[in-house]
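The values are calculated or read from the model by the stated rules, or taken from the named source; none is laboratory data. Given the structure is predicted, the values throughout are model-derived calculations rather than measurements. Every residue, glycine among them, receives a Cβ derived from its backbone with ideal geometry; neighbour counts consider all protein chains shown. Calculation scope for accessible area: heavy atoms of the full protein, side chains included, ligands and nucleic acids excluded. Shrake-Rupley method; radii C 1.70, N 1.55, O 1.52, S 1.80 Å.
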Amino acid sequence: MEKRGQFTSKFGFIMASIGSAIGLGNLWGFPYKAGMSGGFAFILVYLIFVALVGFPLMICEFAIGRKAKSNQIYAYKKLNKKFAFVGITGTIAVFLILGFYSVLGGWVVNYTVKYATSIFSSANAISAPEEYFNSFVSNEAVALIFLIIFMVLTVIIVIGGIENGIEKSSKIMMPVLFFFLVIVIIRSVTLPGAEKGLEFLFKPDFSKLTPSTMGMALSQMFFSLSLGAGAMITYGSYLSNDDNIQSSSIIVPLLDTLAAILAGIAIFPAVFALGLEPTQGPSLMFITLPAIFNQMHMGNLFGFVFFALVLFASLSSSIALLEIASSFFMEHFKLKRKVIIPIIAAIITVLGIPVALGFGVLGDVKVMGMGFLDLYDFIGEYVLMTFGALATAFLIGWVVKPKEVIDEMEQGGKFKFVGKKYFSFTIKFIAPILIFIVMVMSVTSVF
Ligand code: TRP
């Protein structure tokens, strides 16, 4: 078996963890949900969830991973034999999430290339966005080719290993991402009429805070911070005992949340300034935004900057997903990266095919009333990740006790864990109870 990889610097570790966290969840999930579900009221609830649930769980995942120095299934098993299944549900979640993520990533590759090759052209890169999107996703061959291209990019980085693949690429992609985000924001907020977009995003409407929007805020938080599916356990397992985890567990949630809010400030002022309707998910990113770039001076250039930033965000998340999906198999079967990673990637690509074709030939196929994209998202994000987060909070708070995590953080007194009391209290009482209540409320509100 190969030697276990390790992050070589704290900066590299933080960039990789932020890379996992910042992704499509921040760029198209958060802004739209916030805008439609109460603006600042939603953002406030979200921030409270981050502080009371996300932050202590992030500490748990980093600590569980670093202590076990193994994949998540073994890591949970080491803490308590009966909890190995949380590692299994986390691994299944990751397969499903990457199954649809890679399809969306493929679309992003297509758009990035399209804009990149049109930067110097005077004609619009995508002159009829709606037709372009529809014909692109309904063409089976094209839909599959871009899924495969995105997966191959992901495989190349992950095969490089922790230090030379994941850490190195994240150290480049994340700073560029924030830089590009700032460029897009400056352009967006300086358009005449931009205030209406800021109003959409921030104007508080507490009447929109219903059980179902709160449930949405909670699962959005888990997805965005990559919590509840073993992502941070896996990355934490590549940390040495000489690193202090405390600062990372504060910086990662902070920057992830900042990126989500900044994404809203980048997108909605432009949408409203140009008199378009705020839409959601794929059509926001692939139809509404290209329509905006068409009306903008140097629109092809801004389109390129925007899609390159989305590409970096999705690629740094997909490498995390592929690493997590592979880590158990790598250790269990004692296989080399070169061997196992392409195999896992191939399996996930096959899982992605129905999603890719779900916008074309399989458009009418519904399972439990959902298309494949929504189905994978529902099972992976809403069901399995929420479950994983609840089980982890319960395991640490009540079964192994918070002290286990605190000892791991402090390394026999080498480091001081400043928020100890806050951590113990939130992980024992607040996090599990809050997750449980919100889950019950949002499930019952459906009926
Ligand atoms: N957090 C990413 C996003 O916001 C998605 C993601 C990356 C993820 N890695 C993960 C979700 C691991 C769950 C588990 O888009």
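Values computed for the structure shown
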read-out: For the chain, built as a Gaussian network whose Cα springs stay under 10 Å, the top-fluctuating residue of Leu239, Leu44, Leu262; value: Leu44
read-out: Between 0 and 90°, nearest 10: helix 10-21 axis offset from the chain longest Cα axis; value: 60 degrees
read-out: Spin-label model distance (nm) - Ala346 vs Gln280, 7 Å beyond Cα toward Cβ; value: 3.8 nm
read-out: Inter-label distance, nm, simple model (7 Å from Cα along the C-beta direction), Lys416/Met298; value: 4.9 nm
read-out: Cα-centred dipole magnitude for the chain, charges only on beta-carbon of K, R (+1) and D, E (-1), debye, nearest 20; value: 1460 debye
read-out: C-alpha center-to-center spacing [region 194-250, region 345-404] in angstrom; value: 17 Å
read-out: Region 165-278 - accessible surface per residue (Å², probe 1.4 Å); value: 35 Å²
read-out: Cβ-derived FRET efficiency at R0 30 Å, Phe429 paired with Ile251, nearest 0.05; value: 0.75
read-out: Karplus 3J(HN,Hα) series, Hz, for region 122-127 with 6.51 cos²θ - 1.76 cosθ + 1.60 (x for Gly, Pro); value: 7, 7, 4, 4, 10, 7
read-out: Nearby aspartates and glutamates by direct alpha-carbon distance to Lys338 (threshold 16 angstrom, same-chain neighbours under 8 apart not counted); value: Glu2, Glu163, Glu323
read-out: Distance between modelled label sites at Leu44 and Lys196, nm, 7 Å Cα→Cβ extension; value: 2.6 nm
read-out: Paramagnetic reach from Met36 in region 349-371 [backbone N under 16 Å; point 7 Å along Cα→Cβ]; value: 370-371
read-out: Segment Ser240-Glu131, extension gain: residue separation times 0.36 nm, minus the distance between their alpha carbons; value: 34.1 nm
read-out: Degrees separating the helix 168-189 axis from the principal Cα axis of the chain, which is the longest one; value: 40 degrees
read-out: Within the chain, helix-based [θ] at 222 nm, where runs of 4 or more DSSP H residues each add -39,500 (n - 2.57), nearest 500; value: -21500 deg cm²/dmol
read-out: Above-threshold pairs, the threshold being 31 Å between Cα atoms, out of Lys81/Lys208; Lys168/Lys203; Lys114/Lys168; value: Lys81/Lys208; Lys168/Lys203
read-out: Solvent-accessible area per residue for region 327-424 (1.4 angstrom probe, square angstrom); value: 49 Å²
read-out: Rounded tilt (10° steps) of 55-68 against the dominant C-alpha axis of the chain; value: 60 degrees
read-out: Dipole magnitude (debye, nearest 20) for region 127-238, charges at Cβ of Lys, Arg, Asp, Glu; value: 280 debye
read-out: Lys/Arg +1, Asp/Glu -1 at C-beta; the chain dipole; positive extreme among Phe415, Ile88, Asn134; value: Phe415
read-out: FRET efficiency, 1/(1 + (r/R0)^6) with R0 60 Å, evaluated for Lys401 and Ser121 via beta carbons; value: 0.45
read-out: Accessible area of the chain belonging to carbon and sulfur atoms, whole % at 1.4 Å probe; value: 70 percent
read-out: Using a Förster distance of 25 Å, the FRET efficiency for Ile92-Val152 (Cβ separation, nearest 0.05); value: 0.60
read-out: Span from the region 115-188 Cα centroid across to the region 1-76 one, whole angstrom; value: 22 Å
read-out: Chain lengthening between Ala141 and Leu362 when straightened (0.36 nm per residue, less Cα-Cα); value: 78.2 nm
read-out: Under Karplus coefficients 6.51, -1.76 and 1.60, residue-wise ³J(HN,Hα) of region 226-239 in Hz, glycine/proline x; value: 6, 9, x, 10, x, 5, 6, 5, 5, 5, x, 5, 9, 9
read-out: Candidates Thr190, Thr234, Thr112, ranked by Gaussian network fluctuation over the chain, Cα under 10 Å, top entry; value: Thr190
